[in-house]
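K.L.:
This is the structure, below, for whatever I ask next.
The values are calculated or read from the model by the stated rules, or taken from the named source; none is laboratory data. Since we're looking at a predicted model, the values are computed, not measured. All Cβ positions, even for glycine, are placed from backbone atoms using ideal geometry, and neighbour counts span all protein chains on display.
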Amino acid sequence: MPTGLRPSAHIAERASSARRQLMDGYANTPAFVMSRNLDLLAANVLADALYAQFAPADT
């Protein structure tokens, strides 16, 4: 590894409140947001119902 470079630290990702409100507005469309690591960050009611196997990340 080149001098001065280090592996990136884990940065907690979150879905913004604006994005959550937007997803909640899609009453007939499942919507969810995933992180770069494929952690589930947010989901609307329909996505929760259809994709019950997803569990929110505890970040």
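K.L.:
Can you tell me which residues in segment 15-42 are hydrophobic (A, V, I, L, M, F, W, C) and either touching a residue at least 40 places away in the same chain (Cβ under 8 Å) or assigned to a helix (DSSP H, G or I) (or both)?
P.N.:
Within segment 15-42, Ala18, Leu22, Met23 qualify.
K.L.:
Next up: With the requirement that a residue be at pLDDT below 90 and loosely packed, with under 10 Cβ neighbours inside 10 Å, what does segment 13-36 give you?
P.N.:
Answer for segment 13-36, where residues must be at pLDDT below 90 and loosely packed, with under 10 Cβ neighbours inside 10 Å: Ala27, Arg36.
K.L.:
Still on this structure, I have one more. Pull up segment 43-59, narrow it to residues that are modelled with pLDDT under 90 and assigned to a loop (DSSP other than H, G, I, E, B), then point me to the one that is surrounded by the most Cβ atoms within 10 Å (Cβ to Cβ).
P.N.:
Ala57
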